[in-house]
Amino acid sequence: MSGESRFIDSLRALVTDPAARELLDDAAVLEVGSARLVLTHDIVAEGVHFLPGDPPGDVAWKLVAVNLSDLAAKGARPLGALLGYSLAADGEWNSAFVEGLRLALDGFGLKLLGGDTICLPEGAPRAFGLTAIGEASGPVPSRSGAKPGDHLWVSGTIGDAGAGLAVARGELHGAASLIERYRLPRPRLEAGQALAPLVSAMMDVSDGLLIDLARMAEASGVAAVIELDTVPLSEAYIAARGEEREARIAAATAGDDYELLFSADPAQAPAILAASDALGLPFSRIGHAFEGQGLRLTDRGGEVPLPTRLGYQHRSS
């Protein structure tokens, strides 16, 4: 168990309101009168979620996008946000961040409602937090609703952001579009709203497809199998890394994709594919859930060992 998991487990003793969903989900669902507010908070930190040399406007965009991705996975419409900002001594950096924030807020129809600023010691890594507030008008899927027999699906393509990070670090030759997927993720808000009535469980892919599916399966009390050869890869990813087993495992463990991972009764497949066509966004069936526990991996019909690393985890100390 990672240090992050142990800490979250310790917090569960403090959770008394059902809105928190026992801290088993990426967002809280708070009923206020007739409204259902969806609340989430994510932090991005230098050296963890972005590189020191990344453009500050891109950092601002990513901060907004990763929070809205959690709202997308709940089928929620964005309403507003609160910003936590570590003030840089470099005024130009601050100004560029604000411009990137403006573009993200305008692009996603999100209102900045307030927040807080602090000054960090000189040389300390930058870190920024955002609380995003959304509203759900229909079902609010959790991580924990997958059932035996459900199909497992994912939106878009997997692995582009991880490859983009490698390109940005100079470790891989690849298209600029891969770097864009790493720095400027696109939360699947419209897809989440379309899928919410059709799915049994849904979350976003932030730490890696394999580790996030393992979390969904554990929360749901089911086992899951991913068919590695069905994991969708982009042309840019294939050009940079290939499409054989090693490349697909790299894609499925890289993280930062911010695509939607969801389970659904097989009877919902026609409606899911119709939503895919309407949105112009591919939804790919990548496996299924079954009775039991744990995660299995197959490739072209044969079972293969799980990699030792399923995805990104914060330090275990």
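Quick check for you: with a 1.4 Å probe and neighbouring chains kept, what is the accessible area per residue of the stretch 147-227, in Å²?
33 Å²
The portion of the accessible surface of the stretch 45-106 made up by carbon and sulfur, rounded to a whole percent, is 62 (1.4 Å probe; DNA, RNA and ligands excluded).
Simple spin-label estimate for Ser34 and Glu180 gives 4.2 nm between the two label positions (7 Å along the Cα-to-Cβ direction from each Cα). For the chain, the relative contact order is 23 percent, taking Cα pairs closer than 8 Å that sit 6 or more residues apart in sequence and dividing their mean separation by the residue count. A probe of 1.4 angstrom, applied to the heavy atoms of all protein chains, finds Arg285 with accessible area near 100 square angstrom. Shown for the stretch 159-198: the carbon plus sulfur share of the solvent-accessible area, taken with all protein chains present and a 1.4 angstrom probe, equals 47%. A probe of 1.4 angstrom, applied to the heavy atoms of all protein chains, finds Ser34 with accessible area near 130 square angstrom.
Can you give the % of DSSP beta bridges in the chain that are antiparallel, to the nearest 5? Taking every DSSP beta bridge with both residues in the chain, the antiparallel ones total about 75 percent. Positive end of the dipole of the stretch 252-302 (Cβ unit charges, origin at the Cα centre): among Ala264, Leu297, Ala274, the Cα lying farthest that way belongs to Leu297.
Selection among Gly156, Ala65, Gly129 by position relative to the dipole of the stretch 60-160 gives Gly156 as farthest towards the positive end (Cβ unit charges, Cα centre). Taken along the Cα-to-beta-carbon direction at a fixed 7 Å, the label points for Asp277 and Thr117 span 5.1 nm.
The Rg/Rh ratio of the stretch 264-304, with Rg taken over Cα atoms and Rh as the Kirkwood radius over Cα pairs, comes to 1.08.
Other residues with beta-carbon under 15 Å from the beta-carbon of Pro56 carry, at +1 per Lys or Arg and -1 per Asp or Glu, a net charge of -2. If only the Cβ of Lys and Arg carry +1 and only the Cβ of Asp and Glu carry -1, the dipole of the chain around its Cα centre is close to 300 debye.
Order Tyr312, Tyr182, most accessible first, counting only protein heavy atoms with a 1.4 angstrom probe.
These residues rank, largest area first, as Tyr312, Tyr182.
Per residue, the chain reaches -10500 deg cm²/dmol at 222 nm when only DSSP H runs of four or more residues are counted, each adding -39500 (n - 2.57).
The values are calculated or read from the model by the stated rules, or taken from the named source; none is laboratory data. Nothing here was measured: the structure is a model prediction, and the numbers come from that model. Every residue, glycine among them, receives a Cβ derived from its backbone with ideal geometry; neighbour counts consider all protein chains shown. The protein model used for the area step is the full one, side chains on, heavy atoms only, and it has no ligands, DNA or RNA in it. Shrake-Rupley method; radii C 1.70, N 1.55, O 1.52, S 1.80 Å.
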